[in-house]
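In what follows, a structure is listed as structure tokens, so that the remarks can point back to it.
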Amino acid sequence: MKSINFIALSLIFFISNGLQSQDSIRIDDIQRFSYSFDIEDDVFVGDGAAILTKAIANSNILMLGNNSRNHQESVLDIALSKILNRNNYNHLIMEVGPASAQLINKVSDDPDQIVETFKNINKKYFFETGGMKFMPIPDFKYLGTATLLKYVKENEWSFAGIGVDSWVGFKLQLDHLYNNLSIANQKVYKKDYEESCKLIDRLYGQIKGQSYEDVLGLTEGLKSSEAFGKFLQDMSTFNSNTQLVNYLQFSIDYWWMYGNKQGFEKNRLSNKRNKSLMKLALEHSNFDFEEDKLFLKMWRGHLVNGVTRNGFYGIGNMLMELAAYHGYSSLNIGVLDRFIMEDGVVKDALESNGYIAKNNKPFMAMGQKDKWVLVDLRSFNQEFYWGNYVRTVEMNDMMRRFDMIIIPKTDSKAAINH
């Protein structure tokens, strides 16, 4: 027993001495791999700009994890797209849902009319409750997104959507189905269509915000309506609508799971489906890894290298591996906001009471009020991933997930196209 205790004490001494000899990664270490830059007239300038521009030139797939709902991020979208266009990028895929993407392409034949077209769509379908304005394709609520689409359409890029169509767009999707019918068939199904529209309007009228209960009430109301179910069944018999009905039914089921707080189930389902939708989008555009390049914009949680926070190998990891399989490179950029202007006051997210993931905090600390910041995790990892360093679980996760982090300068809410 004494010999066993001696061995145990020796191991404890050895391990504790080993930990003491290791260096912890500090904020100063991240600072050494952080580079400021700015965006002037849609052009990147500064040290960080040179690093970013070179990385884009060496990539074939750029994945940008942001939310399109702040002003500076819309500035970033346009500046990036212009660099990408010069580097022969020619495909844009966004997280707008496949039914929404189909409609977006349908109404975007004339790039000069895109901003006005989406302004009119937002005016027609928006509803306001709980102090919030809801519009049918959330990312296209904003002027910057329509401007981005205008640019890529002017330069003859393809456009596609993956993800889940929003619950706020059910009325728009219903009209899309009905408008796909001939005049004669519209007359046949007019009554059923109008009843379905009244149902959605009534259910939207009961919404007080965007809580689980609100979304559950909406989706349960649709799922329990025999008239609505029959209308969708009738619409699915038309070739032009079969796929759209499938998209709409998936969306209703997904948001019903959201309302029931079935997070794991809905995330597993959408993760698998995103990969299928990506495959279809690439096939539809005849994407060729030897000739084409892809720009993908989604919420950053979907785009990480490796395993997502939900525990799945997501679309980001899929594209990273696909690029490598074909002998090319991908570039994965996560955008983290720090400073934001609200009511004339600059607020620091790191000093707020809002939730911030531990992974993000040390990188958000690099943010500056008057300059954009790029953190190059590729070179950072080269020094700190191996060697005698102590890494927290959160730091380890962040080092694996992104190639670069971008922190915008002081931001503000994006302009609404309404």
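Structural remarks
- Relative contact order, percent, the chain [alpha-carbon distance under 8 Å, six or more residues apart]: 27 percent
- Model label sites at GLN249 and MET341, defined 7 Å from Cα along the beta-carbon direction, differ in position by 4.9 nm.
- Prolate/oblate/rounded call for the range 26-109, Cα gyration tensor, a/c under 1.5 rounded: prolate
- Tail beyond 18 Å, pair distance distribution of the range 99-140 (Cα, percent): 28 percent
- Helix content alone sets the calculated 222 nm mean residue ellipticity of the chain: runs of n ≥ 4 DSSP H residues at -39500 (n - 2.57) each, divided across all residues, give -16000 deg cm²/dmol.
- At a probe radius of 1.4 angstrom, the accessible area of the range 228-311 per residue rounds to 51 square angstrom.
- Total lysine pairs under 21 Å (Cα atoms) in the range 139-248, excluding pairs fewer than 8 apart on one chain: 22
- Relative to the longest principal axis of the Cα atoms of the chain, the long axis of helix 263-284 lies at roughly 70 degrees.
- Computed lengthening from PHE238 to PHE289, 0.36 nm per intervening residue step minus Cα-Cα distance: 14.9 nm
- Taking all protein chains together and a 1.4 Å probe, the residues MET404, MET318 rank MET318, MET404 from largest to smallest accessible area.
- Shape category assigned to the range 103-256 from the gyration tensor of Cα positions, a/c cut at 1.5: oblate
- Site pair LYS54 and GLU128 shows an inter-label distance of 5.0 nm when each label is modelled 7 Å from Cα along Cα→Cβ.
- Over the range 64-215, Cα pairs under 8 Å with separation of 6+ residues give a relative contact order of 31 percent.
- Shape class of the range 271-418 from the Cα gyration tensor (axes a ≥ b ≥ c, square roots of the eigenvalues): oblate, since a/c reaches 1.5 or more and a/b does not exceed b/c.
- Bridging of LYS409 to lysines at a Cα separation below 19 Å is possible for LYS347, LYS361, LYS369, LYS371, once same-chain residues fewer than 8 apart are set aside.
The values are calculated or read from the model by the stated rules, or taken from the named source; none is laboratory data. The structure displayed is predicted, hence computed values, not measured ones. For neighbour counting, all protein chains shown are included, and Cβ atoms are generated from backbone atoms with ideal geometry for every residue, glycine included. Note: areas computed on protein heavy atoms with side chains; ligands, DNA, RNA excluded. Shrake-Rupley method; radii C 1.70, N 1.55, O 1.52, S 1.80 Å.
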